[in-house]
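Encoded as structure tokens, the structure appears first; notes follow it.
The values are calculated or read from the model by the stated rules, or taken from the named source; none is laboratory data. These numbers were taken from a predicted model, which means no experiment stands behind them. Here the Cβ positions follow ideal geometry from the backbone for every residue, glycine too, while neighbour counts run over all protein chains shown. In case anyone asks, the SASA skips ligands and DNA or RNA and just uses the protein heavy atoms, side chains included. Shrake-Rupley method; radii C 1.70, N 1.55, O 1.52, S 1.80 Å.
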Amino acid sequence: MTFGEQPAYLRVAGDLRKKIVNGSLPPHTRLPSQARIREEYGVSDTVALEARKVLMAEGLVEGRSGSGTYVRERPVPRRISRSGFRPPSGATPFRQEQSDGEARGTWESSSEQAEASVAVAERLAIRPGDRVMCTRYVFRDAGETMMLSTSWEPLAVTGRTPVMLPEEGPLGGMGVVERMAAIDVVVDNVTEEVGARPGLAEELLALGGVPGHVVLVIQRTYYASGRPVETADVVIPADRYRVAYHLPVK
């Protein structure tokens, strides 16, 4: 193989990908068999198999037990809006995560006390093993799971207060800023870091993805006078959603 030349399996995968994208192989069409790929492209069984694996890892095709490999329906990405906007009366958890006044949907949540892992402790500037309140959310739009979120709050801040449980009590569901203000903690900054990685098995099961699918992960942290008071991971299926930020110009 000369410098710059693609391996054979990538060239085969690239040609099949082009056919899927341009509609020559429309959704629900059976992908050519391994033997057909071998004959059509003049490659070995190993190359044909690796090319199919590439398309499956990219989420373009899916295997159906006892039937073969088929082109997947390609969803039109929808937008999840995020911004610094905060309505004066607070917002539902769904609107808090989307920062979109038009957002409508349902969610489920559960909270439990836990010990901070090394990673969470670093984000919250506490010691590993310190007690935190861990809250897990599942957000749905028209019945479809669109987003997962796990948040952690140090019990050194919220423990034994009316806002210890984020979704219960008089300010349940009102958001970090409003809840912290109720215990005289003034949130004055928030950061978000966006990354991508293959989804974990339990995440893809909840989000309706398949192994190998990529998810977007928004790592969010709220601060009060430089002290982290809440951190969260928001997980979004990358093949179905785009994250749009609306940032004010000062």
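Taking the Cα centre of each part, how many Å lie between the range 1-77 and the range 106-168? First find each Cα centre; the distance between them is then 41 Å.
Hey, what number do you get for the chain at 222 nm if only DSSP H runs of n ≥ 4 count, each worth -39500 (n - 2.57), divided across all residues, to the nearest 500? That calculation yields -7000 deg cm²/dmol at 222 nm. Of the residues 30, 140, 64, the one that moves most in a GNM of the chain with alpha-carbon contacts below 10 Å is 64. Heavy-atom accessible surface of residue 157, to the nearest 10 Å², is about 20 Å², with a 1.4 Å probe and all protein chains retained. Applying the Kirkwood pairwise sum to the alpha-carbon positions of the range 115-235 produces a hydrodynamic radius of 15.3 angstrom. Largest GNM mean-square fluctuation across 153, 193, 97, computed for the chain with C-alpha springs under 10 Å, falls on 193. Close amide H partners of residue 216, meaning residues 5 or more places away or on another chain with modelled amide H under 5 Å apart, are 236, 238. What the chain shows is 55 Å² of accessible area per residue, with the surface traced by a 1.4 Å probe over protein heavy atoms. Ordered by solvent-accessible area of protein heavy atoms (1.4 Å probe), largest first, the residues 223, 245 come out as 245, 223.
Assuming charge only on the beta carbon of Lys and Arg (+1) and of Asp and Glu (-1), the dipole of the range 8-71 about its Cα centre is about 100 debye to the nearest 20.
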